[in-house]
1. Run the label-point distances for B:Arg419 please: 7 Å along Cα to Cβ, every other copy, nanometres, shortest first.
2. Given H placed on each backbone N at 1.01 Å, which residues far from A:Lys283 in sequence or on other chains put an amide H within less than 5 Å of it?
3. Determine, for each peptide in B:84-91, A:146-153, B:172-179, the mean count of other beta carbons within 10 angstrom over its residues, then list the peptides with the highest first.
4. Can you compute the modelled spin-label distance between B:Thr422 and A:Ser95, with each label point 7 Å from Cα toward Cβ, in nm?
5. Through the Karplus equation 6.51 cos²θ - 1.76 cosθ + 1.60, θ set to phi - 60°, convert the phi angles of the range B:289-297 into ³J(HN,Hα) values in whole Hz; use x for Gly and Pro.
6. Please give the Cα centre distance for the range B:154-223 versus the range A:72-88, rounded to the nearest Å.
7. Based on DSSP, what percent of beta bridges with both residues in chain B are antiparallel, to the nearest 5?
8. From the phi of every residue in the range B:360-377, what ³J(HN,Hα) in whole Hz does the Karplus formula 6.51 cos²θ - 1.76 cosθ + 1.60 yield, where θ is phi - 60° and glycine or proline is x?
Protein chains: 2
Amino acid sequence: MDLSQAARELKALAPRLSALSTELKNAALHKIAQTLRERRSEIEEANQRDLAEASSELGAPILSRLKFQGDKITQAAEGVEAVARLADPVGKVLSARELDQGLLLKQVTCPLGVIAMIFESRPDALVQIASLALKSGNGIILKGGKEARHSNRLLADLVHDAGVAAGVPPGWLFLMETREDVEVLLGLTHDVDLIIPRGSNAFVQHVMRHTTIPVLGHADGICHVYVDRTVDIEQALPVIVDAKTQYVAVCNATETLLVHAEAAPLLLPRLKHLMDEKKVTLKGCERTREWLPEIESATEEDWATEYLDYVLSIKVVDSLQQAIDHINTWGSHHTDAILTRSLATAETFMNLVDSADVFWNCSTRFADGFRFGLGAEVGVGTGKIHARGPVGLEGLVIYKWKLYGSGQIVADYVGPQARAFTHRDVPPETSWGGRF
Amino acid sequence: MDLSQAARELKALAPRLSALSTELKNAALHKIAQTLRERRSEIEEANQRDLAEASSELGAPILSRLKFQGDKITQAAEGVEAVARLADPVGKVLSARELDQGLLLKQVTCPLGVIAMIFESRPDALVQIASLALKSGNGIILKGGKEARHSNRLLADLVHDAGVAAGVPPGWLFLMETREDVEVLLGLTHDVDLIIPRGSNAFVQHVMRHTTIPVLGHADGICHVYVDRTVDIEQALPVIVDAKTQYVAVCNATETLLVHAEAAPLLLPRLKHLMDEKKVTLKGCERTREWLPEIESATEEDWATEYLDYVLSIKVVDSLQQAIDHINTWGSHHTDAILTRSLATAETFMNLVDSADVFWNCSTRFADGFRFGLGAEVGVGTGKIHARGPVGLEGLVIYKWKLYGSGQIVADYVGPQARAFTHRDVPPETSWGGRF
């Protein structure tokens with residue numbers, strides 16, 4: 001089946017998926033987990049074919065992500081079971097209001113409809129996102145990297161069929177297999193409600209620029225730590241080291257350090273020593289190099305670069321406002337931290353920095369759905385609409401307005417004899433008490 | 001100043017607008033209301049120029065919308081004062097969670113940043129949306145119809161200057177004046193966070209198709225009433241008449257009536273009589289015309305048409321599912337109602353119809369921010385992201401994640417000796433109690 005047709009059919013199926021009971025969805029998730037365990041050797045074999053075909057071309061980090069064997073399969077099954085334990089995000093009453101006697105308005109969560117996820121060479125991502133889509137009552141279109149095609153093909157079939165065996169309507173999951181399909185996908189404005197792209201900055205930006213379908217994602221993660229004038233240096237140093245080096249290849253690692261001029265003389269030499277131990281290359285503005293003359297110069301290009309590597313750029317600033325302006329100009333609205341003894345200064349920073357995550361006296365690396373306690377991470381968004389920062393299951397739902405009446409007409413509520421609305425908020429669990 | 005530059009400056013100003021106190025914003029709103037009252041004669045004069053220049057070309061409904069004199073100015077001032085009385089949507093704590101001792105996560109509402117609103121020939125819309133943007137801490141770009149240019153120019157200056165007199169930073173409001181600017185606007189992805197277009201279907205669709213900036217709006221409003229098998233006909237008839245005729249020129253007026261075959265024989269002849277009284281033209285499918293042979297045939301084109309007029313298309317269906325499929329296929333995901341004695345049937349309809357508003361036993365005309373008790377209506381959205389249906393002030397805000405720490409690093413929470421997160425939800429008003 002081609003993608004356009006599959007998406008159209010999935011969109012038509014979406015209302016039925018939205019109405020699946022929590023029990024059925026959880027049973028389907030357990031069935032998926034069970035299937036992953038039972039069919040492990042087949043999965044390992046398919047994955048082995050991908051690894052064999054890929055090994056000559058790809059680097060070690062990609063091969064490591066591509067590998068889906070043994071414990072990784074067990075962990076994926078456990079991940080699916082964890083999704084089953086999450087609260088059902090569908091059918092939550094967000095607000096309830098009596099508009100008039102016998103006229104009850106409820107704002108109730110419901111699935112988005114059809115979600116498309118494009119991910120890289122991690123077969124575990126396929127299992128995870130399919131589980132999250134199922135739990136939230138959405139149809140799901142998946143596209144993995146071609147280097148994982150044998151693994152993805154088998155996993156998509158196993159996950160789909162396990163869901164169907166538990167009562168999910170056939171067709172709830174569709175695997176796209178060609179790169180050309182991505183361009184087709186970007187045009188499916190009527191049938192796809194959200195695209196979640198994961199991959200290189202260039203790829204995510206390409207998606208964002210070439211579709212009018214909403215996109216949940218982030219292109220780059222140029223995160224900052226700002227060291228304020230009144231910093232506690234003993235506390236600050238380990239935080240900076242952690243923010244830069246705890247895992248350099250991820251979007252919430254810090255790329256640029258901003259240092260207040262009054263903190264620079266004490267901080268910079270000690271930081272240099274610690275960063276040397278971690279083999280981090282420092283690049284600094286001219287004022288940084290007054291204290292660290294041995295390091296390379298940083299240019300404007302550095303402020304705009306996500307190194308994803310053992311490199312840190314440093315700039316000395318004269319004020320909190322200069323730090324905020326630098327971050328709002330050069331950052332990517334992802335995660336930025338201030339290190340200061342002053343809560344008032346921290347609040348100003350956190351209010352004026354236009355980023356999804358604004359932190360005080362802790363590492364930017366905490367920006368993560370698991371660490372935030374969201375239960376599951378669907379993605380990380382740096383847009384301003386719908387959901388921002390680490391996004392849990394709530395990012396895959398929206399709401400509808402249900403109005404329960406007993407024959408009310410608008411004509412009675414207008415004109416000189418107009419009946420007045422009561423507009424009385426009522427508890428979410430209120431059920432309609434009309435006259436039938 | 002040209003639009004691109006103005007938007008860039010407004011985006012740079014946005015963090016300051018986001019941090020304005022509730023008191024200052026409300027004082028500015030009262031100053032705007034006062035200015036409208038004090039400068040009424042100037043406003044009337046500018047509006048008179050628009051009316052004089054326009055009268056030869058435009059129809060009566062447009063002229064009526066364009067007219068901004070006397071009571072309409074008083075009402076606009078009262079509307080601004082009503083916005084001042086609304087709760088501040090900024091700074092609300094949506095959730096608070098202790099991640100560990102001395103590590104507190106808060107999800108706090110904040111403005112989107114810069115909003116662009118394109119509206120038709122209603123000078124009162126300029127005043128209203130500027131007030132809503134100000135209250136929610138957003139910068140605002142406005143574009144009105146050229147037929148209202150004298151009114152809009154004066155109002156934009158008065159509103160802007162009144163805000164500035166109360167302490168809002170200059171530049172918080174920008175008025176676009178050329179049609180070419182609209183095309184420029186659609187490309188300002190870095191500086192505009194949300195576009196709210198009001199106008200013809202074709203115009204709104206043009207905006208939605210030609211920008212990757214999020215759009216809050218709805219192109220058409222093809223709303224349905226479905227009359228179920230078990231309907232209470234005495235209750236249903238006035239609801240159908242109201243849904244069609246209470247105000248035909250609006251998006252929540254009903255355009256298509258779906259009737260269960262078992263309800264048709266009793267309902268249709270009586271409905272015809274009532275619709276004749278209201279001078280509504282009926283168009284029906286072949287099965288409808290078995291009962292009403294004198295009416296015109298309806299074709300597929302009718303199912304896809306928003307008449308905005310005294311015309312109603314009618315289709316007989318054999319089941320609830322057929323009605324749901326028709327609505328999901330031909331509707332515009334705006335507002336659809338079911339008339340039935342059965343709450344269970346109504347719940348099925350409300351769950352499976354993929355629309356922003358799903359109503360039971362009441363008129364589609366209730367779909368409105370005022371009637372819903374939202375306090376203010378920013379727009380009506382039929383998308384699936386962010387906000388849906390009638391959207392109040394909450395549609396102009398998003399949230400950021402504030403994490404208050406005391407030196408925590410991620411390295412302590414990973415590996416075999418990993419410290420565990422507590423992930424304990426705490427009351428929203430919890431303040432950080434770290435070790436300083």
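We did not get these values from a lab; they are worked out from the coordinates using the rules stated. Being a predicted model, the structure only gives us computed values, none of them experimental. Glycine gets a Cβ as well: all are built from the backbone with ideal geometry, and neighbour counts include every protein chain shown.
1. The projected label point of B:Arg419 is separated from its counterparts by 6.0 nm.
2. A:Leu312, A:Ser313, A:Ile314
3. Numbers: B:84-91: 16.9, A:146-153: 21.4, B:172-179: 18.9.
The most tightly packed comes first, giving A:146-153, B:172-179, B:84-91.
4. 3.3
5. Running phi through 6.51 cos²θ - 1.76 cosθ + 1.60 with θ = phi - 60° gives 6, 5, 8, 10, x, 6, 8, 5, 6 Hz.
6. 44
7. Working: 19 of 57 bridges.
Here the antiparallel bridges make up roughly 35 percent for chain B.
8. 10, 6, 7, 6, 4, 5, 6, 6, 6, x, 5, 5, 6, x, 7, x, 7, 10
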